[in-house]
Amino acid sequence: MEKTNLIMLPGLLNDASLFTHQVGELSNLVAVTVADLTGADSIAALAADTLAQAPTGRFVLAGMSMGGYVAFEIMRQAGERVKALALLSTSARPDTPEASAGREALIELSRTDFPAVIEKLLARMAHPAHADTPEVGGMFQSMATELGPEVFARQQRAIMGRADSRPTLAGIRCPTLVICGRQDELTPPEVHEEIVAGIPGAQLAVIEECGHLSPLEQPEQLTLLLHDWLYELAGSPQRSPN
């Protein structure tokens with residue numbers, strides 16, 4: 001039987017390395033594509049880029065953080081193509097003026113001291129117990145350094161200009177799983193509870209001892225949640241990845 005296509009959408013200054021554990025463990029179940037979200041400075045354009053990269057037909061969509069903003073936009077642009085939706089460490093809310101001002105300051109700093117920007121982002125994203133580990137802090141620094149300040153500026157512009165997705169949540173009718181870290185300071189659990197309340201039938205899963213970067217901070221737990229959810233969608237008995 002042909003595998004279901006799963007498209008994964010990374011977050012700010014993340015590339016496909018973000019989902020290394022998930023791709024490795026889920027590829028026996030689904031055909032995984034990690035979208036490139038580095039080429040445009042608006043969420044609408046990033047959504048169009050993702051749809052252009054997507055395999056033909058319908059697919060399951062999983063977006064983390066900025067990738068979640070893109071996922072909401074894909075639901076607006078081509079919701080009929082999405083079989084199921086997973087939203088990780090994200091928000092349906094628009095950017096606040098205060099948050100946008102902070103992003104502008106980081107863009108300015110990135111022109112002269114990009115490593116300092118990476119350090120500031122990591123301090124806010126990762127649980128304190130994980131920030132200095134090679135698996136979390138080291139991986140985030142590697143991805144961010146490789147992508148660089150120009151990609152950072154484009155992505156920040158896209159994030160600042162994102163739509164308020166709350167009015168369109170009720171129109172999402174596909175099976176939806178929302179996942180957050182208990183200690184996520186950027187998008188705390190109550191922000192995810194808001195999404196779950198707005199999407200009919202949505203499920204919420206909270207990962208303990210986890211900040212914003214769940215694919216790196218708690219890779220086994222996240223993979224297990226996705227694996228069992230995908231099995232349930234397929235109508236198969238749940239089982240853990242090997």
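The values are calculated or read from the model by the stated rules, or taken from the named source; none is laboratory data. Just so it is clear, the model here is predicted, and its values are computed rather than measured. Cβ: placed from backbone, ideal geometry, glycine included. Neighbour counts: every protein chain shown.
At a glance:
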read-out	value
Looking only at segment 61-102, and only at residues there that are among the charged types (D, E, K, R) and within 17 Å of residue 158 (Cα to Cα), the one that is nearest to the chain's Cα centre (by Cα)	73
Filter pass, residue 153 being of a type in the set (Gly, Ala, Ser), part of a helix (DSSP H, G or I) and in contact with a Pro (Cβ under 9 Å, 6 or more places away or on another chain)	no
Within segment 132-191, tally of residues that are charged (D, E, K, R) and surrounded by 15 or more Cβ atoms within 10 Å (Cβ to Cβ)	5
Answer from 200, 215, 237 - the residue that is modelled with pLDDT under 95 and either part of a loop (DSSP other than H, G, I, E, B) or closer than 19 Å to residue 8 by Cα (or both)	237
Matching entry among 116, 144, 78 (being more than 22 Å from residue 9 (Cβ to Cβ), in contact with a helix residue (DSSP H, G or I) (Cβ under 7 Å, 6 or more places away or on another chain) and part of a helix (DSSP H, G or I))	116
Residue within segment 203-212 that is farther than 12 Å from residue 86 by Cα, surrounded by fewer than 16 Cβ atoms within 10 Å (Cβ to Cβ), touching a strand residue (DSSP E or B) at 6+ places or on another chain (Cβ under 7 Å) and of a type outside the set (Asp, Glu) present	yes
Flag for residue 18 being closer than 28 Å to residue 122 by Cβ, in a loop (DSSP other than H, G, I, E, B) and either at pLDDT 95 or above or in contact with an Asp or Glu (Cβ under 9 Å, 6 or more places away or on another chain) (or both)	no
Members of segment 83-107 that are of a type in the set (A, V, I, L, M) and surrounded by 16 or more Cβ atoms within 10 Å (Cβ to Cβ)	84, 85, 86, 87, 88, 92, 106, 107
Unmet requirement for residue 60, which otherwise passes all of (1) in contact (Cβ under 8 Å) with a residue 40 or more places away in the chain; (2) β-branched (Val, Ile, Thr); (3) assigned to a helix (DSSP H, G or I)	(3)
Condition met for residue 227 (buried (at least 17 other Cβ atoms within 10 Å of the Cβ), touching a residue at least 60 places away in the same chain (Cβ under 8 Å) and in contact with a strand residue (DSSP E or B) (Cβ under 8 Å, 6 or more places away or on another chain))	no
Inter-residue pairs, beta-carbon under 9 Å, first under 22 Å from residue 83 (Cβ atoms) and in segment 2-29, second among the aromatic types (Phe, Trp, Tyr) and surrounded by fewer than 20 Cβ atoms within 10 Å (Cβ to Cβ), 6+ apart	29/231
Lone unmet requirement of (1) among the polar types (S, T, N, Q); (2) buried (at least 17 other Cβ atoms within 10 Å of the Cβ); (3) free of Cβ contacts under 8 Å to residues at least 12 places away in the same chain for residue 33	(3)
Among the residues listed as 106, 122, the single one being assigned to a helix (DSSP H, G or I), without any contact (Cβ under 8 Å) to a residue 60 or more places away in the chain, within 21 Å of residue 16 (Cα to Cα) and hydrophobic (A, V, I, L, M, F, W, C)	122
Failed criterion for residue 225 (all others in (1) touching a Lys or Arg at 6+ places or on another chain (Cβ under 9 Å); (2) at pLDDT 95 or above; (3) not charged (D, E, K, R) hold)	(1)
